[in-house]
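Please read the structure below before turning to the comments.
The values are calculated or read from the model by the stated rules, or taken from the named source; none is laboratory data. Since the model is a prediction, treat every value here as computed from it, not as a measurement. As a convention, Cβ positions derive from the backbone with ideal geometry for all residues, glycine included, and neighbour counts pool all protein chains shown. Just the protein is used for accessible areas: all its heavy atoms, side chains included, with ligands, DNA and RNA removed. Shrake-Rupley method; radii C 1.70, N 1.55, O 1.52, S 1.80 Å.
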Amino acid sequence: CHLIHYLRLSHHLIVLNYLICTFDKLKSVSSEDIKITDAVFDGVEVRVFEPPAKGDERLKRSVVYIHGGGWALASARTSLYNNLCRIMAESLNAVVVSVEYRLVPEVCFPEQYHDALRATKHFLQPDVLAEYSVDPSRIAISGDSAGGNLAAAVCQQLSKDEDLTIRPKLQALIYPVLQAFDFNTPSYQQNMNMPVLPRYVMINYWIDYFNGNYDLAHALLINNHTALDVSQALSFRGRLNWTSLLPSSFKKDYKPVVQTTGTAEIIQKIPALLDVRAVPLLADNETLQLQPKTYMLTCENDVLRDDGVMYAKRLENAGVDVTLDHFQDCFHGCMIFTVWPTDFSAGVQTRNSYIKWLDENL
């Protein structure tokens with residue numbers, strides 16, 4: 001893929017996504033019990049999963065789901081996410097709306113965020129909820145990885161939108177990516193070479209999302225963009241102080257990497273590095289106080305572990321009811337791997353725990 005990109009034949013992410021879709025096993029969108037339809041919500045494609053009506057039941061609960069893939073890969077239509085959303089709809093007897101936001105490199109930040117926000121706000125309209133027989137008081141917003149990033153950012157915006165009459169009851173975030181401020185948290189150091197999502201790959205995803213230059217990757221890796229002399233970062237430093245936000249079992253013997261002198265030009269070139277719509281962990285406490293009851297799933301073998309744990313702690317400090325569901329033996333992305341030939345016990349374990357929490361709280 002990178003060779004094709006180097007030869008200027010195509011962007012490597014386009015090629016990689018093509019390969020993913022080519023080898024995908026999904027043959028049909030039909031399901032024996034779940035009605036699966038594609039729709040457009042305010043210009044954004046979505047896939048809707050509707051369970052059959054049961055007896056005298058009038059309204060169903062619902063989940064707006066935003067898929068992962070580094071803002072660049074996968075789709076609501078691939079078998080892995082199709083299977084996850086179908087099982088959610090069946091297990092919860094809920095209407096699941098899976099958002100098909102546009103991907104890098106077709107668009108970059110903030111377009112993915114705008115797609116997710118537009119689709120969610122459209123669904124939250126009373127007449128649309130009535131069309132799908134959804135209870136307005138029992139809606140969750142959820143997502144994994146980059147989708148968890150979008151879900152958290154959308155939830156923050158919805159909580160401040162005074163024109164909305166209906167807001168999510170819950171947010172459920174699955175190993176979300178929430179910050180690009182510090183690439184040397186304990187989990188980034190511990191899992192820097194962990195398969196599926198090594199640190200350098202996550203940094204490249206951020207650069208692609210912001211339409212930046214790969215030449216900046218090393219400076220980001222050593223936190224030059226948030227050095228002590230970078231004035232734009234100073235006001236955010238206390239919101240991401242992992243020495244106070246993480247338990248000692250996660251901090252272990254790792255030390256903070258804080259450069260005295262860095263490269264302020266990085267923030268000037270990529271201001272989105274400090275934009276809370278892209279990095280929800282940097283939101284102020286006033287915004288966090290408005291967030292709904294939250295589920296946070298994290299995995300030990302994941303560079304993003306501490307993103308989720310720090311956000312859970314900040315939400316808890318702000319008075320939000322938070323469940324932190326940490327899996328010691330699991331890895332980033334595991335929850336979607338439940339179908340042969342990638343049917344891992346870690347996937348079934350995390351998926352069941354996630355659905356159980358939704359069932360008990362939604």
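In this structure, does Asp135 turn out to be among the acidic types (Asp, Glu) and open to solvent by 10 Å² or more (accessible area, probe 1.4 Å)? Break it down stepwise before answering.
On the way: among the acidic types (Asp, Glu): yes; open to solvent by 10 Å² or more (accessible area, probe 1.4 Å): yes.
When the stated conditions are applied, Asp135 passes them.
Between residues in the range 183-204 that are under 21 Å from Ala72 (Cα atoms) and residues that are of a type in the set (S, T, N, Q) and open to solvent by 40 Å² or more (accessible area, probe 1.4 Å), which pairs lie under 7 Å by C-beta distance while being six or more apart or on different chains?
Met194/Asn301
Within the bounds of the range 39-59, is there any residue that is open to solvent by 20 Å² or more (accessible area, probe 1.4 Å), among the β-branched types (Val, Ile, Thr) and in a helix (DSSP H, G or I)?
So far as the range 39-59 goes, no, none of its residues is open to solvent by 20 Å² or more (accessible area, probe 1.4 Å), among the β-branched types (Val, Ile, Thr) and in a helix (DSSP H, G or I).
Mind listing just one residue for me: the one in the range 191-233 that is hydroxyl-bearing (Ser, Thr, Tyr) and open to solvent by less than 60 Å² (accessible area, probe 1.4 Å) and, of those, nearest to Gln268 (Cα to Cα)? Show your work before the answer.
Filtering the range 191-233 for residues hydroxyl-bearing (Ser, Thr, Tyr) gives 200, 205, 209, 214, 226, 231.
So of that shortlist, the ones also open to solvent by less than 60 Å² (accessible area, probe 1.4 Å) come out as 205, 209, 226.
Values: Tyr205: 19, Tyr209: 16, Thr226: 12 Å.
Residue satisfying both the conditions and the ranking: Thr226.
In the range 230-256, which residues are of a type in the set (A, V, I, L, M) and over 24 Å from Ala146 (Cβ atoms)? So that I can check it myself, show each step before the final result.
Kept after step one, since they are of a type in the set (A, V, I, L, M), are these residues of the range 230-256: 230, 233-234, 240, 245-246.
Listed by number, the residues that qualify are Val230, Leu234.
Look through Leu290, Leu281, Leu297 and report the one residue that is under 27 Å from Ser235 (Cβ atoms), in contact with a Phe, Trp or Tyr (Cβ under 9 Å, 6 or more places away or on another chain) and not hydroxyl-bearing (Ser, Thr, Tyr).
Of Leu290, Leu281, Leu297, the one residue that is under 27 Å from Ser235 (Cβ atoms), in contact with a Phe, Trp or Tyr (Cβ under 9 Å, 6 or more places away or on another chain) and not hydroxyl-bearing (Ser, Thr, Tyr) is Leu281.
Would you point out which residue out of Asp182, Asp135 is modelled with pLDDT of 95 or more, touching a strand residue (DSSP E or B) at 6+ places or on another chain (Cβ under 7 Å) and more than 20 Å from His67 (Cα to Cα)? Spell out the reasoning first.
Working: Asp182 fails: touching a strand residue (DSSP E or B) at 6+ places or on another chain (Cβ under 7 Å).
Exactly one residue qualifies, and that residue is Asp135.
Can you name every residue in the range 64-113 that is crowded, with 21+ Cβ neighbours inside 10 Å, at negative phi, among the small types (Gly, Ala, Ser) and in contact (Cβ under 8 Å) with a residue 60 or more places away in the chain?
Gly68, Ala72, Ala94 - these are the residues of the range 64-113 that are crowded, with 21+ Cβ neighbours inside 10 Å, at negative phi, among the small types (Gly, Ala, Ser) and in contact (Cβ under 8 Å) with a residue 60 or more places away in the chain.
With the checklist (1) surrounded by 24 or more Cβ atoms within 10 Å (Cβ to Cβ); (2) more than 23 Å from Thr287 (Cβ to Cβ) in hand, flag the one item Ala152 doesn't pass.
(2)
Being farther than 30 Å from Ile203 by Cβ and either in contact with a Phe, Trp or Tyr (Cβ under 9 Å, 6 or more places away or on another chain) or of a type in the set (Asp, Glu) (or both) is the filter here, so list the residues in the range 152-181 that pass it. Working first, answer last.
Keep residues of the range 152-181 that are farther than 30 Å from Ile203 by Cβ, which gives 161-170.
Asp161, Glu162, Asp163, Leu170 - these are the residues of the range 152-181 that are farther than 30 Å from Ile203 by Cβ and either in contact with a Phe, Trp or Tyr (Cβ under 9 Å, 6 or more places away or on another chain) or of a type in the set (Asp, Glu) (or both).
Quick check on Arg118: is it modelled with pLDDT of 95 or more, surrounded by fewer than 16 Cβ atoms within 10 Å (Cβ to Cβ) and within 23 Å of the chain's Cα centre (by Cα)?
Criteria not met by Arg118.
Of all residues in the range 343-362, count the ones that are in contact (Cβ under 8 Å) with a residue 24 or more places away in the chain and not in a helix (DSSP H, G or I).
Number of matching residues: 1.
Hey, could you check the range 191-219 for residues that are part of a helix (DSSP H, G or I) and over 21 Å from the mean Cα position of the chain (by Cα) and say which is nearest to Glu111 (Cα to Cα)? Even if it seems obvious, please write down each step before you answer.
Here is the first cut: in the range 191-219, the ones part of a helix (DSSP H, G or I) are 199-209, 214-219.
With the extra rule that they be over 21 Å from the mean Cα position of the chain (by Cα), the set shrinks to 214-219.
Values: Tyr214: 20, Asp215: 23, Leu216: 22, Ala217: 22, His218: 26, Ala219: 26 Å.
Checked the range 191-219; the qualifying residue nearest to Glu111 (Cα to Cα) is Tyr214.
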